[in-house]
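The values are calculated or read from the model by the stated rules, or taken from the named source; none is laboratory data. Here the structure is a predicted model, which means the values were calculated and not measured. Glycine gets a Cβ as well: all are built from the backbone with ideal geometry, and neighbour counts include every protein chain shown.
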Amino acid sequence: MTECDEVRTMLLSGRALDAGSASHLAACPRCSAEQAAVRALAAYAVPAPPSPAGVLAAAAPLLALRARRAGWRALGRAVAAALVPLPLVLLVDVYLVRAAYGMLQALLPRVLSFYVVFNYAATLTLLLAVTYAMVPIVAERQLRLRREESRA
Ligand SMILES: [Zn+2]
């Protein structure tokens, strides 16, 4: 280690300079030029890291926004997955209702078979509507349960 390095190390550590180092500091142009910067560096106090509670409080809005976005995405996926089989379900239902209407016409008067088939179709529509209305509710509940499990 050169004498310049020793002087800078002493300045940086905040120790008092001995006579030889003080005379080197006065004579060496490089050391005297860097003296102020090294003393300022030695005086620099490293700030204390923020408390974990402060970090959590600062990140809470971002975390909440992210959780809300993830919730909307999961809800969209659940609704999309529920809507995929809907055309097939409707097609089968229409086929069944028409077949039932055809069979009932052979047995019952036309108006009565229409009444039965219409009531069946209305009930089916109501059941489908209730089922599809439940999809977002169930998906939201699943998300909330998953969130609570991940927190615990
Ligand atoms: Zn020097």
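For the range 47-68, state whether one or more residues are within 16 Å of the ligand (Cβ to nearest atom) and of a type in the set (D, E, K, R). The answer is no; no qualifying residue exists. Scanning the range 73-84 for residues that are away from the ligand (no atom under 14 Å from the Cβ), more than 30 Å from Ile137 (Cα to Cα) and modelled with pLDDT under 90 turns up nothing.
Just one residue in the set Pro50, Pro136 is closer than 30 Å to Ser13 by Cβ, surrounded by 10 or more Cβ atoms within 10 Å (Cβ to Cβ) and touching a helix residue (DSSP H, G or I) at 6+ places or on another chain (Cβ under 9 Å); that residue is Pro50.
Scanning the range 1-46 for residues that are among the hydroxyl-bearing types (Ser, Thr, Tyr) and within 12 Å of the ligand (Cβ to nearest atom), we see that the one that is farthest from the chain's Cα centre (by Cα) is Ser23.
Matching residues to (1) surrounded by fewer than 11 Cβ atoms within 10 Å (Cβ to Cβ); (2) outside the structural domain of Ser13 (by TED's automatic domain parsing); (3) not basic (Lys, Arg):
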site	(1), (2), (3)
Ala27	yes, no, yes
Ala37	no, no, yes
Ala59	no, yes, yes
Pro87	yes, yes, yes
Leu112	no, yes, yes
Tyr115	no, yes, yes
Leu128	no, yes, yes
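Among the residues examined, Tyr95 qualifies as aromatic (Phe, Trp, Tyr), in a helix (DSSP H, G or I) and surrounded by fewer than 11 Cβ atoms within 10 Å (Cβ to Cβ). Screening the candidates Arg144, Arg98 for the property of being of a type in the set (Lys, Arg), under 16 Å from the mean Cα position of the chain (by Cα) and not assigned by TED's automatic domain parsing to the domain that holds Arg8 yields one hit, Arg144.
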